[in-house]
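A short reminder: the numbers here are calculations on the coordinates, not readings from a lab. Keep in mind it's a predicted model, so treat the numbers as computed, not measured. Cβ sites come from the backbone with ideal geometry, for glycine too, and all protein chains shown count toward neighbours.
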């Protein structure tokens, strides 16, 4: 049942990825990151179908990485590559999609479709391309992180776009497209969480904590440490609250300790809940 769910996610993600590449990027010679971007460039240089280019680039990378990755992950990745290549080949034949005259709209919506597609494939426990696997291998045997290796590949693609198409403006549009794709992946994988992580440094953490619980309906944790300079005991209240609760929280804190320090950060991902019913 779990593998069926993975297969459905991979199918949907591959469709969205292929849709973005086929109808938004290829018509305006814009490339995206990773192997889809490489495939677009190879298609332009050689004239071979983009779908075939995807297979030729991806499969050797996946097979080379079999020693370093889980077999089922590799198998699902091969399925994603096959589905994406098939959709890229079939979509123009079965869908009459009107051309987009605006390169800005093509770049943005292409990035959105590709980002959504890649992230859905990842939710299906697979990868949409072989560069992710190469990045994992390089990271294992070097001091570089996977994200840095992927960024390196993307920069090579952007430079290649400028050289191959002899148009640096297209390279800059490709950079924007990759940025949009990356932001969409982050949002889909981590969720658009409207939560804030709050650290309150105060001598009144107990009182503030009780007020936050009573008035905001949020739980928290009191951490104990030492002041760096005086090395005195220092308590820090850690809580997660809704973004719209921040003004109320600030009022709660300052009404009890005008010298308190409040640090507010974004919660990029939230698993579980700190909310509770108020009486």
Cα axis of helix 34-46 to longest principal axis of the chain: angle in degrees, 0 to 90, nearest 10? 20 degrees
Mean Cβ-within-10 Å packing, highest first, puts peptides 3-9, 81-87 in the order 81-87, 3-9
Pick from 175, 12, 249: which residue has the top mean-square fluctuation in a GNM of the chain where Cα pairs under 10 Å get a spring? 249
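Using r as the Cβ-Cβ distance of residue 90 and residue 147, and R0 as 41 Å, what FRET efficiency do you calculate, to the nearest 0.05?
Details: r = 33 Å, r/R0 = 0.80.
The calculated FRET efficiency here is 0.80.
Checking a compactness column here: for the range 195-266, what do you get for Rg(Cα) / (2.2 N^0.38 Å), N being the number of residues?
Working: Rg = 11.6 Å, N = 72, 2.2 N^0.38 = 11.2 Å.
The reported ratio for this selection is 1.04.
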Can you work out the base-10 log of I(q)/I(0) for the range 159-239 at q = 0.13, 0.14, 0.16, 0.26 1/Å, using the Debye formula on its C-alpha atoms alone? -0.64, -0.67, -0.73, -1.10
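Compute the orientation-averaged projected area for the range 130-273 from the convex hull of its Cα atoms and round it to one decimal in nm². Could the numbers behind the result be given before it?
On the way: hull surface 53.5 nm².
Over every viewing direction, the Cα hull of the range 130-273 projects on average to 13.4 nm².
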Return one quarter of the surface area of the convex hull spanned by the alpha-carbon atoms of the chain, equal to its mean projected area, in nm². 20.6 nm²
How many percent of Cα pairs in the range 19-93 exceed 14 Å? 60 percent
Comparing 252, 159, 133 in a Gaussian network model of the chain (Cα, 10 Å), the one with the largest mean-square fluctuation is 252
Neighbour counts of other C-beta atoms within 10 Å: give me 256, 145, 244, 218 arranged from fewest to most. 244, 145, 256, 218
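Quick check on the exposure proxy: order 14, 106, 207 from fewest to most C-beta atoms within 10 angstrom. All intermediate terms of the calculation are to be shown ahead of the outcome.
Working: 14 27, 106 23, 207 15.
Ranking 14, 106, 207 by Cβ neighbours within 10 Å, fewest first, gives 207, 106, 14.
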Select from 78, 25, 228 the residue whose mean-square fluctuation is largest in a Gaussian network model of the chain (Cα-Cα springs shorter than 10 Å). 228
Ignoring everything except DSSP H segments at least 4 long, calculate the 222 nm mean residue ellipticity for the chain; use -39,500 (n - 2.57) per segment, divide by total residues, nearest 500. -19500 deg cm²/dmol
